[in-house]
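Scroll down for the structure; my scribbles are underneath it.
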Amino acid sequence: MKIIKTKFKDLLIYDKKTFKDKRGYFRELYLQKHFNTKFPFDVMSYSKKNVLRGLHLQLKNPQAKLITVLHGKIYDVCVDCRKNSKTFGKYFSIYLSEKENKSLLIPAGFAHGFCTLTDDVVLHYKCSKYRHSESETGILWNDSDLNIVWPKKKLIISQKDKNNFSFKDLKKLI
């Protein structure tokens, strides 16, 4: 496994090995020895093509997340909402797919979202904290202050995500 640093403190890419033969392949998804964070909570999502989910975060109970695409391809976006960070208000983006076998470690304090680029995307999340619905919030996916360039124009977005905060308004809550 190769660990790749980004310009964001503690935001890491894990490039994992795939063992292939004529039957298919075998992959290790997670080895605790590579992480300082414990992940007691796993979830998954299934999405159709052109779905955008996010940008989500928990304010009072922030979660670190380890994101792995089990099927399909996504464009993944993380916004640094850690007030004292040098990269506060900046975003990181990456394409992730089952073919590449990479995982993204998103530190606590980041908003996270993605848009699906293929049909039948299955995404696996390992979370450092349990879901805390009272502190769940989000940032508008098309916030002009963040200026995120999404690879798709026509996206399927939930009403909840359409009603997320602007980044300016979210900063008042942090």
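FYI, it's all coordinate maths here, none of it is from the lab. The structure displayed is predicted, hence computed values, not measured ones. Cβ coordinates were reconstructed from backbone atoms using ideal geometry, including for glycine residues, and neighbour counts include every protein chain displayed.
Key figures
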item: Residue-by-residue Karplus 3J(HN,Hα) for region 22-35, coefficients 6.51, -1.76, 1.60, Hz, glycine and proline x; result: 5, 7, x, 8, 9, 9, 8, 8, 7, 10, 3, 4, 8, 10
item: Positive dipole terminus of region 1-116, leading residue within PHE41, ILE13, CYS115 (C-beta point charges); result: ILE13
item: Ranked by how many other beta carbons lie within 10 Å on average, peptides 120-126, 27-33 from highest; result: 120-126, 27-33
item: Region 37-70 versus region 137-174: alpha-carbon centroid distance in Å; result: 16 Å
item: Sorted peptide list for 152-162, 80-90, criterion being average Cβ within 10 angstrom, highest first; result: 80-90, 152-162
item: Directionally averaged projected area (convex hull, Cα atoms, the chain), nm²; result: 10.3 nm²
item: In sequence order, calculated HN-Hα J values of region 97-109 (Karplus, 6.51, -1.76, 1.60; Hz; x Gly/Pro); result: 8, 5, 5, 7, 6, 10, 10, 10, 8, 9, x, 4, x
item: Charge dipole of the chain about the Cα centre (unit charges at C-beta), most positive-ward option of ASN142, GLN32, LEU170; result: GLN32
item: Mean Cβ neighbour count within 10 Å, used as a protection proxy, ranking 38-44, 73-79, 54-60 highest first; result: 73-79, 54-60, 38-44
item: Cα-centre dipole for the chain with unit charges at Cβ (Lys and Arg positive, Asp and Glu negative), debye to 20; result: 340 debye
item: Under 5 Å, built H, 5+ apart or other chain: amide partners of PHE110; result: CYS81
item: Under-5 Å amide H pairs with LYS73, H placed in peptide plane, nonlocal only; result: LEU117, THR118
item: Full-stretch length increase - GLU28, HIS132 - with 0.36 nm per residue and alpha-carbon distance subtracted; result: 34.6 nm
item: Note, ³J(HN,Hα) from phi for region 67-80, Karplus 6.51, -1.76, 1.60, rounded to Hz, x at Gly and Pro; result: 9, 9, 8, 8, 8, x, 9, 10, 10, 9, 10, 10, 10, 6
